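Student: Below you'll find the structure I mean.
The values are calculated or read from the model by the stated rules, or taken from the named source; none is laboratory data. Not measured: the values here are computed from a predicted model. Backbone-built Cβ (ideal geometry, glycine too); neighbour counts: all protein chains shown.
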Amino acid sequence: MALNIGADDLVENPTPRVPVTLCLDTSGSMMGEKIRELVEGVNLFYNAIDEDDDAHDAAEVSIVEFNSAASLIQDFASIERLDRIDAINATGGTALGEGVNLALDTLEKRKSTYSNAGVLYYQPWLVLMTDGQPNGSSAELERAIGRVTDLVAQKKLTVFPIGIGSDADMSVLERFSPNRPPLRLRGMSFKEFFEWLSKSVSRVSRSTPGDAVKLDLEGLAGWAEL
Amino acid sequence: MGPRQVSAERSESAVFAPEEFISTDHRLFIDTNVFMDTDPDRAGGLKKLFGRCMDIALRNHNGIVVPSKVIDELAKQSGLDTSEFTEERAAAVHRAGQWLTALESGAAAGFIRKDLGDGSNPYADDLFVDLFTHFGGRYDMCLLTNDITLRMRIRLLGAASQRHLVAGTVCADGRLAVDPDQALYERACRKLARMTRHIEEGLGKPKDHAEVEMLAPLLDAFKRTFAVNEIDARHTDRRSIRLPSTPAGPSTPSAFRRVTALKPTDRLLAPTSIPKTGDGVTGETPQTKRAVMLGEMLGVGGEGSVFAVEGDYSQVVKIFDKDHRTEHRKSKIGLLLSHVLESQGIAFPTSMILNSEGEFVGYTMPRASGKELQATIMRPARFKRVYPNWTKADLVDVCISFLEKVAYLHSLNILLGDINPKNVMVDEHKNVWIIDADSWQIEGYPCPVGTPMFTAATINGEYADALRTVEEERFAVATMLFMILITGQFPYARAGADGSDFAALIAEGKFAFQFKGPSDRDQPEGNWKFMWSHLPFKVKRLFWNTFHRNGTRSTRRPTANEWLDAFREYRAVFGSADDFDPMSDDVYPFRFRAFRPDTPIHDCPQCGRANAIVGLWNEDSGSYFEPSLCYDCNQNKSRCADCGKPKHPDTLKDGRCWECNRKRNNAACANCGKETPTRYMVDGRCSNCQLIRCKDCGTPTAKADLSYGRCATCVKKSAELDSTKLCVDCRQPFITFDHERWFTSKGLDIPKSHLTATKRACPPRPAASAPPRRTASTATPPKQRTAPPKAAPAPPAKSLWERFVGWLSS
């Protein structure tokens, strides 16, 4: 019986989806320990979602990296279709605006896939992580900030800007999130962050779409600064 | 299909235009209770009815009859002191007064007749029956009344009369609704059961005794006259809904008051200590007190935590967190405990929990069995794993079990409020449990929480700021039933809509699942349409009419009891003659339902699945078209072999779609990255990037980078002057490597000077110290001097004329 069940899992699962896009800085400054910890954190995030009953059916993750340019390293997929990451090569500049724009483009595409198929979804999440100053095109950066703040204002996006270490430009991250101040990770608490993120995803997937989701901000204590 | 079709038709109310009954030889009567009706479903309907009838009634000199008895009753009611009444009753009395005035002016205009019925009957009910008996041979007559007993009496009279005698209710649009025999009979049965129970519980009033005495023989007569099916309303009520109750306490089980006024805004109780596992607390009921020890924590919810009770497996404790210990919750628990309520499958509070300081912190309730629907039926992948053997009939049983609980709570005037798949649990025996009693809406205490998917479009703003109507509750009930049968699919999911805006999807009311009309292209992708197609016609009709904005039940939604009837009937289909499609009992059918019992059904020759192919009825040819393959195989037949997407066969080449063929046949050149058909590639490179040895140095170089067979380095080098060879005349380098090679290739000697090599005299010596000539900037680019002699003839000189002009203008 050669039925193509796999391709249909999008439509055969009625669970409203939580699209999460990780927009990650992989510039040269991330080289070494930082990028290894980040990759480990992402894999841990995958595992935690896989093990959580609610998040398992709901989460869909994509990953965009940005250095001197932006590229999509993982298009949106359910947890069963996500490949664990071996390593990411950190090199080059910090084209943050380009990265965010690519992440938003990918998200728009996914949303239209959902709509065409009649699949329900929650407000999508954008996790933006950087350890430095953006040095890509400033027009792209402004465009990205504009798009993100518009979506947030329309309640069509939840954004988590995360600064990694003390060199992260928090003032730029702040411009992406008018409502919630950006987080600065203490040291390399990627593991703690992704644990918190997976818990938040499962919390959302237990709620019903449209509910205002209260994030467990107290859970941030100890490894992040607001 | 025959008999079922008939019974299906019989179950829907017949709707008439009221005008029909004010033409000549017709009479329209209205009973007192219609003027005092406060049911929002029928709100404004009476006014509309008068609006529709006024002109015709005046023209025909045939006014609507409101007997003087009714006028008297209205006058009596409107004179009552309402200060002691519930809001609803007060509203009804107020309405009586308003109508009284309106009827006076209507009578003055000749549009209302209130002069009829000066008989000696003590009640208007008997008066109507007398009137209908007396004039039943002369006029077609209609009585509007909300009284079930009276409607039955008129129905019986109508059966014996040559004339058209009907009794019905008024719809919101001003038309008349006449309930079908079966529905009327069942309503009356339930009314009788209700009255009997009241009397048994010692709550009966003299009026109730009289009613029971009249109803019982009426029901018998009704059953004899109309071919109605017996139902055991009384027994179902008692058996499945009310289990043997505890020995009679000071208060007997009875319904809560219907209160339409919202209680004042909820407030937090003064802070106190919140107990946790291992803490001792007190469980208190109006009669008893007992010590309770909190056991392990079983779960954390949005309002608090649930704990086991040490030494009592049958109970659990819900302890509110500090932000949800409120006055309303405390009052609601107290109110529920003041009635002795016990029912399998409903987690009624069993005691109020007080902490060591004697403050309210939570309540105990029976331990529910099973798991949340959210974690079972609503998740197909998990559902198939957890209950792999369940059939559609099992899901119908779950619906019935759910409805029984809801109907019972509604009969107690309790609204569940926040119906959602996390508040409903189901176990492997298909027993449903309703939990979360503290959020129910009781006697004016609102349900402060809600779930958007289950929220009717009429609910706006904060859930706690308004009381829900029973209509709104019925929306949630219908949604839940749909989502149980279709395992988690939302009724308003549809292709082409923004799937994140639930409120908008509900408000638009575009229920996309196909019913009667042509197939709706907005049906969500996947096998949901098949699941829907296998539901019985009657169930589909009820869903469609409830969910679709054009449905007849979209504002007058089915009650829990009405759904119960429909689902019990559905349950009876399995294994009966109507159960002709073997796939209808599958939870996940993969094709549409067979049209009729004689519809051909085959196994699929390709995938081998049983009953996978069903004949499709062709209206024009009057015969069945039988596809050779099942739906999936047909889809797969013209699917791209690589990506699996269904594609039209004409667009496939070698079984693959254009995109996949491109991916498969093309590749990026390893050198330039250009996408190139692989058949043109050698060693991963396109033709332009093939490696060819430079004819000078022999380095393998991409073809595109060669210039006359030479790599870029060699090209550059060949254009340079050979510094080892100097012109015999001027002692300067004079010949390029390229030029030398030309002479060598011709077998000639290499020249020795500018003159012999280029046929031109030596160039003037570049003097580094000399100041730039004034004309240099306007005329000769200085780089000319470094150019290879071959390309650089004698230094360009300005013509005499130019120099002359320059001199003149300087």
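Student: Before we move on, is residue A:12 surrounded by fewer than 17 Cβ atoms within 10 Å (Cβ to Cβ) and either within 14 Å of another protein chain (Cβ to nearest Cβ) or under 16 Å from the mean Cα position of the chain (by Cα) (or both)?
Tutor: Yes; evaluated as a whole, the condition is true for this residue.
Student: Cβ-Cβ distance below 8 Å, separation of 6 or more or different chains: which pairs start in the range B:684-699 with a residue that is part of a loop (DSSP other than H, G, I, E, B) and end on one that is at pLDDT below 90 and of a type in the set (Phe, Trp, Tyr)?
Tutor: Partner pairs satisfying both residue conditions: B:686/B:680.
Student: Restricting to the range B:386-419, give me the number of residues that are surrounded by fewer than 24 Cβ atoms within 10 Å (Cβ to Cβ) and at positive phi.
Tutor: Looking only at that region, the number is 1.
Student: Further question: Go through the range B:608-621 residue by residue and tally those that are surrounded by 13 or more Cβ atoms within 10 Å (Cβ to Cβ) and within 14 Å of another protein chain (Cβ to nearest Cβ).
Tutor: Of the residues in that region, 2 qualify.
Student: Here's a follow-up. May I ask you to list the residues in the range B:584-602 that are touching a strand residue (DSSP E or B) at 6+ places or on another chain (Cβ under 7 Å) and over 12 Å from residue B:533 (Cβ atoms)?
Tutor: Passing the criteria: B:599, B:600, B:601, B:602.
Student: For the range A:147-161, how many residues meet the condition of being within 11 Å of residue A:178 (Cα to Cα) and in a helix (DSSP H, G or I)?
Tutor: 5
Student: Then there's this: Condition first: among the small types (Gly, Ala, Ser) and either surrounded by fewer than 18 Cβ atoms within 10 Å (Cβ to Cβ) or without any contact (Cβ under 8 Å) to a residue 24 or more places away in the chain (or both). Can you find one or more residues in the range A:35-42 that meet it?
Tutor: no
Student: Then there is this: Assuming residue B:160 fulfils every condition listed in (1) surrounded by 15 or more Cβ atoms within 10 Å (Cβ to Cβ); (2) touching a helix residue (DSSP H, G or I) at 6+ places or on another chain (Cβ under 9 Å); (3) of a type in the set (A, V, I, L, M, F, W, C) apart from one, which condition is it?
Tutor: (1)
Student: Checking the conditions here, which among B:264, B:286, B:275, B:271 is surrounded by 15 or more Cβ atoms within 10 Å (Cβ to Cβ) and not assigned by TED's automatic domain parsing to the domain that holds residue B:463?
Tutor: Unique residue meeting the criteria: B:275.
This table checks each residue for (1) under 20 Å from residue B:37 (Cβ atoms); (2) touching a helix residue (DSSP H, G or I) at 6+ places or on another chain (Cβ under 7 Å).
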| site | (1), (2) |
| --- | --- |
| B:131 | no, no |
| B:139 | no, no |
| B:147 | yes, yes |
| B:180 | no, yes |
| B:183 | yes, yes |
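Student: Mind checking which residues of the range B:458-471 are more than 13 Å from chain A (Cβ to nearest Cβ) and part of a loop (DSSP other than H, G, I, E, B)?
Tutor: B:458, B:460, B:461, B:466, B:467, B:468, B:469
Student: If you don't mind, another one. Select from the range B:622-640 the residues that are of a type in the set (Ser, Thr, Tyr) and away from chain A (no Cβ under 14 Å) and write down the one among them that is surrounded by the most Cβ atoms within 10 Å (Cβ to Cβ).
Tutor: B:624
Student: So is residue A:58 buried (at least 23 other Cβ atoms within 10 Å of the Cβ), under 24 Å from residue A:193 (Cα atoms), within 12 Å of another protein chain (Cβ to nearest Cβ) and of a type in the set (Gly, Ala, Ser) or not?
Tutor: yes
Student: Any residue at all in the range B:368-378 that's buried (at least 18 other Cβ atoms within 10 Å of the Cβ), of a type in the set (D, E, K, R) and not assigned by TED's automatic domain parsing to the domain that holds residue B:483?
Tutor: yes
Student: Within the range A:115-139, track down each residue that is of a type in the set (A, V, I, L, M), within 14 Å of chain B (Cβ to nearest Cβ) and surrounded by 20 or more Cβ atoms within 10 Å (Cβ to Cβ).
Tutor: Residues satisfying the conditions are A:119, A:120.
Student: Can you tell me how many residues in the range B:694-734 are hydroxyl-bearing (Ser, Thr, Tyr), out of contact with any Lys or Arg (no Cβ under 9 Å at 6 or more places or on another chain) and either within 19 Å of residue B:671 (Cα to Cα) or surrounded by 14 or more Cβ atoms within 10 Å (Cβ to Cβ) (or both)?
Tutor: Residues in the range B:694-734 being hydroxyl-bearing (Ser, Thr, Tyr), out of contact with any Lys or Arg (no Cβ under 9 Å at 6 or more places or on another chain) and either within 19 Å of residue B:671 (Cα to Cα) or surrounded by 14 or more Cβ atoms within 10 Å (Cβ to Cβ) (or both): 2 in total.
Student: Next question, about the same structure. Scan the range A:61-86 and report the pairs whose first residue is charged (D, E, K, R) and whose second residue is surrounded by fewer than 21 Cβ atoms within 10 Å (Cβ to Cβ) and part of a loop (DSSP other than H, G, I, E, B), with Cβ atoms within less than 8 Å and a gap of 6+ or a chain change.
Tutor: These pairs meet every condition: A:65/A:88.
Student: Which residue out of A:52, A:25 is within 14 Å of chain B (Cβ to nearest Cβ), in contact (Cβ under 8 Å) with a residue 12 or more places away in the chain and either more than 30 Å from residue B:377 (Cβ to Cβ) or of a type outside the set (A, V, I, L, M, F, W, C) (or both)?
Tutor: Going through A:52, A:25 in turn, the sole match is A:52.
Student: Name the residues in the range B:643-669 that are outside any helix (DSSP H, G or I) and farther than 29 Å from residue B:690 by Cβ, would you?
Tutor: B:643, B:644, B:645, B:646, B:647, B:648, B:652, B:655, B:657
Student: Inside the range B:289-309, can you point out the residues that are surrounded by fewer than 16 Cβ atoms within 10 Å (Cβ to Cβ) and in contact with a Gly (Cβ under 8 Å, 6 or more places away or on another chain)?
Tutor: B:289, B:290, B:291
Student: Still on this structure: Would you check if residue B:495 is touching a Gly at 6+ places or on another chain (Cβ under 7 Å) and modelled with pLDDT under 95?
Tutor: It is true that residue B:495 is touching a Gly at 6+ places or on another chain (Cβ under 7 Å) and modelled with pLDDT under 95.
Student: How many residues does the range B:488-527 hold that are hydroxyl-bearing (Ser, Thr, Tyr), facing chain A (nearest Cβ under 7 Å) and more than 12 Å from the chain's Cα centre (by Cα)?
Tutor: 0
Student: Criterion first (in contact with a Pro (Cβ under 7 Å, 6 or more places away or on another chain), modelled with pLDDT of 90 or more, surrounded by 21 or more Cβ atoms within 10 Å (Cβ to Cβ) and away from every other protein chain (no Cβ under 12 Å)) does residue B:474 satisfy it?
Tutor: yes
Student: Looking at residue B:422 and the list (1) surrounded by 22 or more Cβ atoms within 10 Å (Cβ to Cβ); (2) assigned to a loop (DSSP other than H, G, I, E, B), which single condition is not satisfied?
Tutor: (1)
Student: Just to be sure, is residue B:131 crowded, with 19+ Cβ neighbours inside 10 Å, of a type outside the set (Asp, Glu) and in a helix (DSSP H, G or I)?
Tutor: yes
Student: Test of understanding: among A:8, A:86, A:52, which residue is over 23 Å from residue A:134 (Cβ atoms), out of contact with any helix residue (DSSP H, G or I) (no Cβ under 9 Å at 6 or more places or on another chain) and at pLDDT below 95?
Tutor: A:8
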